[in-house]
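Enquirer: Take a look at this one; I'll ask things after.
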Amino acid sequence: MGRVFVARAITGDSLSRLREAGHEVDIWPGNLPPHPTELRDALSDADGLLSMLTERVDEKLLGAAPKLKVVANYAVGFDNVDLAATQARGIAVGVTPDVLTDATADLTFALLLAAARRLPEAQSAVRDGRWRTFEPQGWLGASVHGATIAIVGARGRIGSAVARRAQGFDMKVIPVNRGDDLHAALARADFVSLHTPLTDATRHLIDDAALHAIKPGAILVNTGRGPLVDQAALKRALEDGRLGAAALDVTDPEPLPPDDPLLSAPNIIILPHIGSATHHAREAMASMAVDNLLAGLAGEPLPYPAPTL
């Protein structure tokens, strides 16, 4: 039987299945991730790792984990894992696809609506005593019903789920996938929602040029990955009014330091990466991660593998 290191406690009781199968389970205490040196120490005799997006699984870490057989990433993405390095060492890597699709799509639309209707500003006005009466020109926002939305990464599970929700608002959907003219789509869209994977080609996909191409006053929503957006360019676009608002569930880095310039930008909503944060989604992710671990520790194919190179 093997030893599994879990980078932090997770929701539900799925880890009990590892113990029932005779594996030792070591859970990192507290809400913060282990420091890289602590993680390397913890993996010195580990056969399996249940990692979060905060754990960088690279050559240095793998060199300190000679017994490692399987990495179960507690996420649909895997940009924190060096797949070339794990593949070269014969280490299986698994992810948790699909079960967080609806939760993330719901949050995407929550952010879109909150930014469009200026809900954070309106709530602050109530709490701060600035709501004096019905104000015919107060907190005017953007219409969502019938508007045009560009969905970047529309073929993916989450992008497709966002498109279905947009149809309920009679929105016109512009799908943007690899090879499509991004800037032409940005010029037509009232809302832009990002769902493409993070790769070398998509890093800073939304840069100064894209933000100059975007329709004036448009609203940008990012529930994909923080580095899809050049945050310095985003701040400039918000400050000069080219962009109407931005709503982000992901940033670069995560978390943002307290003095990060983006926090002082106008018309921005920033959440702490809660796209999958429902009881149902997180418990399903835990179950899939454990399925991957059990298979990998038994030398069997993973039921939910990351793509191979």
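Every number in this text was worked out from the coordinates using simple rules, so none of it is lab data. Given the structure is predicted, the values throughout are model-derived calculations rather than measurements. Every residue, glycine among them, receives a Cβ derived from its backbone with ideal geometry; neighbour counts consider all protein chains shown.
Enquirer: For the chain, return all DSSP H helices satisfying: extent of Cα atoms along own axis at least 15 Å; mean Kyte-Doolittle hydropathy at least -1.0.
Expert: 101-116, 157-168, 279-297
Enquirer: Could I ask something else about it? Please find, in a Gaussian network model of the chain (springs between Cα atoms separated by less than 10 Å), the residue of Pro258, Pro29, Pro227 whose mean-square fluctuation is greatest.
Expert: Looking only at Pro258, Pro29, Pro227, the largest GNM fluctuation is found for Pro258.
Enquirer: Follow-up. Relative contact order for the chain: what is it in percent, counting Cα pairs under 8 Å that are at least 6 residues apart?
Expert: Numbers: 600 pairs, mean separation 59.5, N = 309.
So the answer I get is 19 percent.
Enquirer: Roughly how big is the chain's charge dipole about its Cα centre, with Cβ charges of +1 (Lys, Arg) and -1 (Asp, Glu), in debye to the nearest 20? List each step's numbers first, then the result.
Expert: Values: 29 positive and 37 negative charges, 139 e Å.
Using only the charged Cβ atoms, the result is roughly 660 debye.
Enquirer: Can you list the residues, at least 5 places off or on another chain, whose amide H is less than 5 Å from the amide H of Val221, using H built in the peptide plane?
Expert: It is Val192, Ser193, Leu194, Ala247, by chain and number.
Enquirer: With runs of 4+ DSSP H residues as the only contributors, calculate the mean residue ellipticity of the chain at 222 nm using -39,500 (n - 2.57) per run, divided by the residue total and rounded to the nearest 500. Provide the component values of the computation, followed by the final result.
Expert: Values: 11 runs with 102 residues, N = 309.
Calculated at 222 nm, the ellipticity per residue is -9500 deg cm²/dmol.
Enquirer: Further, regarding this structure: Positive end of the dipole of region 101-270, charges at C-beta (+1 Lys, Arg; -1 Asp, Glu), about the Cα centre: which of Leu238, Trp139, Gly168 has its Cα farthest in that direction?
Expert: Value: Gly168.
Enquirer: With charges only on Cβ, +1 for K and R and -1 for D and E, what is the dipole size of region 101-270 about its Cα centre, in debye, rounded to 20? Don't skip to the end; give the middle numbers.
Expert: Details: 18 positive and 20 negative charges, 109 e Å.
With only Lys, Arg, Asp and Glu charged at Cβ, the dipole is about 520 debye.
Enquirer: Run through region 43-134 and list the chymotrypsin sites (Phe, Trp or Tyr not before Pro) located in a DSSP loop whose Cβ has at most 11 other Cβ atoms within 10 Å. Before the final figure, lay out each step's value.
Expert: Values: sites: Tyr74, Phe78, Phe109, Trp131, Phe134; in loops: Tyr74, Phe78, Trp131, Phe134.
Sites meeting the loop and neighbour criteria: Phe134.
Enquirer: Under a GNM of the chain (C-alpha, springs under 10 Å), which listed residue has the highest mean-square fluctuation: Leu294, Leu186, Leu256?
Expert: Comparing Leu294, Leu186, Leu256 in a Gaussian network model of the chain, the most mobile one is Leu256.
Enquirer: Using a simple charge model, +1 on the beta-carbon of Lys and Arg, -1 on the beta-carbon of Asp and Glu, nothing else, what dipole does region 116-162 show about its Cα centre, in debye to the nearest 20? Display every interim value, and only then the final one.
Expert: Details: 7 positive and 3 negative charges, 34 e Å.
Around 160 debye, computed over region 116-162.
Enquirer: Related question: Between Ala218, Ala233, Ala125, where does the largest GNM mean-square fluctuation fall for the chain, given springs only between Cα atoms within less than 10 Å?
Expert: Highest fluctuation among the options: Ala125.
Enquirer: Just checking my list [x] 39, 20, 18; [y] 63, 28, 20; [z] 30, 22, 19 against semi-axes √(5λ) of the Cα gyration tensor in Å computed from this structure; which label fits?
Expert: Given [x] 39, 20, 18; [y] 63, 28, 20; [z] 30, 22, 19, the structure-derived one carries the label [x].
Enquirer: Additional query: By DSSP, what percent of the beta bridges with both residues in the chain are antiparallel, rounded to the nearest 5?
Expert: On the way: 1 of 38 bridges.
Roughly 5 percent of the beta bridges in the chain run antiparallel, per DSSP.
Enquirer: In region 1-149, with Lys and Arg counted as +1 and Asp and Glu as -1 at Cβ, which of these residues, Asn73, Ala115, Pro34, has the Cα nearest the positive end of the dipole, that is, farthest along it?
Expert: Ala115
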